[in-house]
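Below: one structure, written as structure tokens.
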Amino acid sequence: MANPIRAMACLFATFLMFQPAFSNEDAQLEALPTYVGMIGFDSARKDFGDVAQGDMLEHTFLFMNNGLGPFEIKKASSGVSGVSVLTSLKSFETDELGEIRVRIDTSQMEGPQYIRVRVESDAHNAPSTLYVLANVVSETAPEEE
């Protein structure tokens, strides 16, 4: 059985280096098929904390093709109203960097928001899910008695 602390340290280092996530009992990388693209994000989560209702939020998720062949982003989207997702729908060659920009209009939101962004591609490890969190605080003052 693998050492869980060692496995977590390996996983953390992997994310820092734009490497795709891996998991097996021995914490070793599986052999990849030859000439396939692999998408790796610098971070898959952004937490804005408390924000005022009506704020416009924006975050850019960076990714890199860690594979030996190209991959293409097919679609990046969120089903949440007020959220727009922008990316280049193009082919990314080995070691090429790209970005997915998420913009959020909080004017119609209130309270904790847990937004998922689905990234569909033909990368070997697709699809990917990115997460954006925020607690939208209403500026309406409570009525005084």
Problem set entry | All-pairs Cα distance distribution in the stretch 35-137, expressed in whole percent, bin size 5 Å | 3, 14, 24, 22, 14, 10, 7, 4, 1, 0
Exercise. Quick one: length gained pulling Ala44 to Leu62 fully straight, 0.36 nm per residue minus the C-alpha distance?
Worked result: 5.6 nm
Seminar exercise, completed: So, over other residues within a Cβ distance under 10 Å of Ala76, counting Lys, Arg +1 and Asp, Glu -1, the net charge is +3
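Each value in this text was obtained by applying a stated rule to the coordinates, not by laboratory testing. Because the structure is predicted, anything quoted here is derived from the model rather than measured. Backbone-built Cβ (ideal geometry, glycine too); neighbour counts: all protein chains shown.
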